Amino acid sequence: MTLVDRTHGRWPWVAAAAVGPATALAGARRGWLADELRWTLWLPLPALLWHQTEEWVWPGGFLPWMNREVIGSDDDELPISRTGGLAINTGLGWGLSGAAIAAGPRRPATGATVLSLLVGNAAMHLGLAARTRTRNPGAVTSALLLAPLGVAGLAALARDRRAPTRQVALGAGLGVAGSIGMMAGMRARLALSRRTPPPRRTTH
């Protein structure tokens, strides 16, 4: 229970356990990944696993940092709860990465969305690190993995004549909108919780 409480759930340990095999597999298949820009679709997943491991497992502390220091809450698990963290990281993160892989490089809209989300995530971490001059949970992998991969991947897709330009632009736009929308939604949920009065206690 102590480990689960420290990582705010069990799913981060899955990410930490999977990051080594995923990275090793990517290294072993680097020639195949280089062909037809497969790397733009496949590499975001191991990069995301590294990022989630830094955020949630070691050194960890993402949930209270995000809720308190970034969004301005007085609660470690509001507006982003453990359930919300699970949904965002596994459903949106892993799920969308899997969908991009399944779509393939000739239908790059989903892949461009993932890459754009990586850039948006990295911009948030690095911008706050620069402003506060302190490391935050996720800043290192943002600088080393998310930002370079996201920018390079989007640039590669944009240059590839075989990738429909409209799909790349659509995906990039969706990623930007998603990054902004998630932060706005979190702040709105916090504001709503502060306006909602607590339930009245009844006496018997």
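Taken together, the values in this text are just the output of simple stated rules run on the coordinates, not laboratory data. A quick note: this is a predicted structure, and the numbers were derived from the prediction, not measured. Every residue, glycine among them, receives a Cβ derived from its backbone with ideal geometry; neighbour counts consider all protein chains shown.
Descriptive notes on the structure:
- Length-normalised contact order of the chain in % [C-alpha pairs under 8 Å, at least 6 apart]: 24 percent
- LEU144 paired with TRP58, simple spin-label distance in nm, labels 7 Å along Cα-to-beta-carbon: 1.2 nm
- When trypsin sites (Lys or Arg not before Pro) are flagged only if DSSP places them in a loop and at most 14 other Cβ atoms lie within 10 Å, the longest unflagged stretch of the chain comes out as 30-105.
- Considering all C-alpha pairs of region 10-128, those separated by over 20 Å amount to 46%.
- Region 1-97: relative contact order as a whole-number percent, Cα under 8 Å and 6+ apart: 31 percent
- Taking every DSSP helix (H) stretch of at least 4 residues in the chain, weighting each as -39,500 (n - 2.57) and dividing the sum by the residue count yields a mean residue ellipticity at 222 nm of -20000 deg cm²/dmol.
- Added length on full extension, which subtracts the Cα-Cα distance from 0.36 nm per residue, ALA155 to ALA188: 8.5 nm
- Ranked ASP75, ASP5, ASP160, criterion: other C-beta atoms within 10 Å, fewest first: ASP5, ASP75, ASP160
- The length gained by stretching the chain between ALA18 and ALA34 to full extension, at 0.36 nm per residue less their Cα-Cα distance, is 3.5 nm.
- Remark: spin-label model distance GLU69-THR83 equals 2.8 nm, labels positioned 7 Å along the Cα→Cβ axis.
- For q = 0.08 Å⁻¹, Debye-computed log10 I/I(0) when each Cα of the chain counts as one equal scatterer: -0.30
- Sorted ascending by nearby beta carbons within 10 Å, beginning with the fewest, HIS125, HIS8 become HIS8, HIS125.
- With neighbours defined as other Cβ atoms within 10 Å of a residue's Cβ, the residues SER73, SER193 order from fewest to most as SER193, SER73.
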